[in-house]
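S.K.: Encoded as structure tokens, here's the structure I'll be asking about.
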Amino acid sequence: MKIIVQKYGGTSVGSIEKIQRVADRIITNKAKGYKMVVIVSAMGDFTDELVTLAKQIDPYPSGREYDALLATGESISSSLLAMALTKKNHEAISLTGWQAGIYTEASHNKAKILDVKPARILSELQNDKIVIINGFQGINSDDDITTIGRGGSDTSAVAIAAALKADFCEIYTDVDGVYTTNPNLIKEARKHDIIDYDEMLELASLGAQVLHPRAVEGAKAFGVTLVVRNSYNFNEGTIVKEVSKMEIKNPVTGIAYDENTSKIAITGLPDKPGIAGKLFSELAEAKINVDMIVQSNQTNAKNDIAFTIPQDEFAKGLEITKAFAKTVGAKEVDSQEHVSKVSIVGVGMVSSPGVAAKMFSILGENNINIDLITTSEIKVSCIIDQKETNKAVQLLHSGFNLETY
Ligand code: ADP
Ligand code: ASP
Ligand code: MG
């Protein structure tokens, strides 16, 4: 069986007219002799609207009920798409995550997919049906609905493509593919024809919304070739796959940014073993995702620790940190709710000295203050004032010659 898995994001199924267009595209592919499995996101910003409704009742609702609510968005788009296909004389069936055999961890809101049991999908394909599956959701061992993290439909698509051993997995969105940076922010951004899994994983993890990080991780682990394409045209898109390091020309191939970042710093912490472990365990227990962590040099048996967390966890994170600072006798807690993380990414960085220095110089020469820095072999990230984000991305994009990439 030749199978294509396609995923259509919220922007691609945002209206009845768009759903009709998606249906036509699916029919065109089916006519080429493929069995079609289609994963959909909720229409437009529907999931955000559901979040707003929930938060009006409780800012921290129960994970189970929150997931039950958020998962409804995908049911609407999948049934409408199945109806549109049937009306165009192509038999289609919509399946929830549960019906499609998507099993996840027990935890809610960001559950990992543990297994896909594709028997139902395969039997519907055998009956020559187009199978439409709700993205972003699964079921846990308690038979409760789970969701797998915002933007997670990409990951649903990759997991299903891997389980079906599909020929490839196409991710349809509102831009032509993966660019050197967000093309909606920087008009000079260039599209990659091909991008390496590792580079894509860094870009996605550092804020490039175009693919969900776990989708890239899964695609690499299971050898699924991903193709990111525009649902509004028939352009080639970007292929995400293993790229030989010999073929890489530029040390930096992408700029990512994440404005959903807050910074908290504790100064004058007693420099004793176990202090950092205790603070970060408390934050972890509260399910706060800590990202960058920087500890300063010890002076007079004291040191400072600064870290970043997502903005929607800021209030909770600050409260925990302040209480912790008091119990251990730290000097003070300093915080900034709205900062940005700007990052340069490239697998070629490993063998090119001076890349980080060039980034710091570009920012420094333009009066953009760097607050925290972290590096890995293939990325450098800096925390800066949120107001400087666009300027920093623009400067780094042109400074690393990505306009002519
Ligand atoms: P979908 O609803 O299809 O899942 P998303 O909004 O999640 O779409 O992702 C697509 C968006 O990702 C684009 O509209 C673009 O603004 C943003 N984006 C950020 N960085 C990049 C990048 N490097 N390449 C392409 N798009 C990017
Ligand atoms: N609808 C979900 C969200 O908005 C999942 C997705 O779009 O991938 O996060
Ligand atoms: Mg998305």
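S.K.: Sort out which residues of region 77-110 are open to solvent by less than 60 Å² (accessible area, probe 1.4 Å), over 28 Å from the mean Cα position of the chain (by Cα) and either under 30 Å from residue 286 (Cβ atoms) or not hydrophobic (A, V, I, L, M, F, W, C) (or both), and write them in order of number.
M.R.: 90
S.K.: Could you list all residues from region 157-187 that are more than 13 Å from ligand 3 (Cβ to nearest atom), free of Cβ contacts under 8 Å to residues at least 60 places away in the same chain, assigned to a loop (DSSP other than H, G, I, E, B) and of a type in the set (A, V, I, L, M, F, W, C)?
M.R.: none
S.K.: Which of the residues spanning region 1-29 are under 14 Å from residue 170 (Cα atoms), in a helix (DSSP H, G or I) and within 11 Å of ligand 1 (Cβ to nearest atom)?
M.R.: Within region 1-29, just 12 meets the criteria.
S.K.: Give just the number: which of (1) over 30 Å from residue 328 (Cα atoms); (2) within 14 Å of the chain's Cα centre (by Cα) does residue 239 not satisfy?
M.R.: Just one mismatch for residue 239, condition (2).
S.K.: May I ask you to list the residues in region 16-37 that are more than 20 Å from residue 235 (Cβ to Cβ), touching a strand residue (DSSP E or B) at 6+ places or on another chain (Cβ under 7 Å) and of a type in the set (A, V, I, L, M)?
M.R.: Answer for region 16-37, where residues must be more than 20 Å from residue 235 (Cβ to Cβ), touching a strand residue (DSSP E or B) at 6+ places or on another chain (Cβ under 7 Å) and of a type in the set (A, V, I, L, M): 36, 37.
S.K.: Search region 354-405 for residues being small (Gly, Ala, Ser) and part of a helix (DSSP H, G or I), and hand back the single one that is surrounded by the most Cβ atoms within 10 Å (Cβ to Cβ). Full working, then the answer.
M.R.: From region 354-405, those small (Gly, Ala, Ser) are 354, 356-357, 361, 364, 376, 381, 392, 398-399; that's our starting set.
Next, only the ones that are part of a helix (DSSP H, G or I) stay: 356-357, 361, 364, 392, 398-399.
Details: 356: 15, 357: 10, 361: 12, 364: 11, 392: 22, 398: 14, 399: 18.
That would be 392.
S.K.: While we're here: Got a sec? Which of 147, 180, 155 is more than 22 Å from residue 343 (Cα to Cα), touching a Lys or Arg at 6+ places or on another chain (Cβ under 7 Å) and of a type in the set (S, T, N, Q)?
M.R.: Checking each option against the conditions leaves just 155.
S.K.: Separate question: Among the residues of region 135-160, write down those that are of a type in the set (Gly, Ala, Ser) and within 15 Å of ligand 2 (Cβ to nearest atom).
M.R.: If the condition is that a residue be of a type in the set (Gly, Ala, Ser) and within 15 Å of ligand 2 (Cβ to nearest atom), then 135, 138, 149, 151, 152, 153, 156, 157, 159 are the ones that fit.
S.K.: Could you say whether any residue in region 221-243 is more than 15 Å from ligand 1 (Cβ to nearest atom), closer than 27 Å to residue 401 by Cβ and either in contact with a Pro (Cβ under 6 Å, 6 or more places away or on another chain) or not hydrophobic (A, V, I, L, M, F, W, C) (or both)? Let's see the steps before the verdict.
M.R.: Initially, region 221-243 is screened for residues more than 15 Å from ligand 1 (Cβ to nearest atom), giving 221-225, 234, 241-243.
From the residues that got through so far, the ones that are closer than 27 Å to residue 401 by Cβ too are 241-243.
Those still in the list that are either in contact with a Pro (Cβ under 6 Å, 6 or more places away or on another chain) or not hydrophobic (A, V, I, L, M, F, W, C) (or both) too: 241-242.
Yes, region 221-243 contains a residue that is more than 15 Å from ligand 1 (Cβ to nearest atom), closer than 27 Å to residue 401 by Cβ and either in contact with a Pro (Cβ under 6 Å, 6 or more places away or on another chain) or not hydrophobic (A, V, I, L, M, F, W, C) (or both).
Listed here are the residues, each with its yes/no results for (1) under 26 Å from residue 205 (Cα atoms); (2) exposed (fewer than 14 other Cβ atoms within 10 Å of the Cβ).
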{"position": "276", "(1), (2)": "yes, no"}
{"position": "284", "(1), (2)": "yes, yes"}
{"position": "289", "(1), (2)": "yes, yes"}
{"position": "292", "(1), (2)": "yes, no"}
{"position": "301", "(1), (2)": "no, yes"}
{"position": "306", "(1), (2)": "yes, no"}
{"position": "309", "(1), (2)": "yes, no"}
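S.K.: Looking only at region 33-42, decide whether some residue is open to solvent by 20 Å² or more (accessible area, probe 1.4 Å), without any contact (Cβ under 8 Å) to a residue 60 or more places away in the chain, under 25 Å from residue 211 (Cβ atoms) and not hydrophobic (A, V, I, L, M, F, W, C). Explain how you work it out, then say what you get.
M.R.: Here is the first cut: in region 33-42, the ones open to solvent by 20 Å² or more (accessible area, probe 1.4 Å) are 33-35.
So of that shortlist, the ones also without any contact (Cβ under 8 Å) to a residue 60 or more places away in the chain come out as 33.
Then drop every residue that is not under 25 Å from residue 211 (Cβ atoms), which leaves none.
Looking for residues that are open to solvent by 20 Å² or more (accessible area, probe 1.4 Å), without any contact (Cβ under 8 Å) to a residue 60 or more places away in the chain, under 25 Å from residue 211 (Cβ atoms) and not hydrophobic (A, V, I, L, M, F, W, C), one finds none in region 33-42, hence no.
S.K.: Could you tell me which residue of region 188-213 is farthest from ligand 3 (Cβ to nearest atom), considering only residues that are farther than 13 Å from residue 224 by Cβ and part of a helix (DSSP H, G or I)?
M.R.: Top of the filtered list is 198.
S.K.: Does region 273-320 hold any residues that are assigned to a helix (DSSP H, G or I), of a type in the set (Gly, Ala, Ser) and within 24 Å of the chain's Cα centre (by Cα), and which are they? Don't jump to the end; show me each part of the working.
M.R.: If we filter region 273-320 for residues that are assigned to a helix (DSSP H, G or I), which is where we start, we get 275-285, 311-320.
Cutting the leftovers down to of a type in the set (Gly, Ala, Ser) gives us 276-277, 281, 284, 315, 317.
Scanning region 273-320 gives 284, 315, 317.
The values are calculated or read from the model by the stated rules, or taken from the named source; none is laboratory data. Bear in mind that the values here come from a model prediction, so they are computed numbers and not experimental data. In this analysis, Cβ positions are derived from the backbone assuming ideal geometry, glycine residues included, and neighbour counts consider all displayed protein chains. When the accessible area is computed, the model is the full protein with side chains, heavy atoms only, and any ligands, DNA or RNA have been set aside. Shrake-Rupley method; radii C 1.70, N 1.55, O 1.52, S 1.80 Å.
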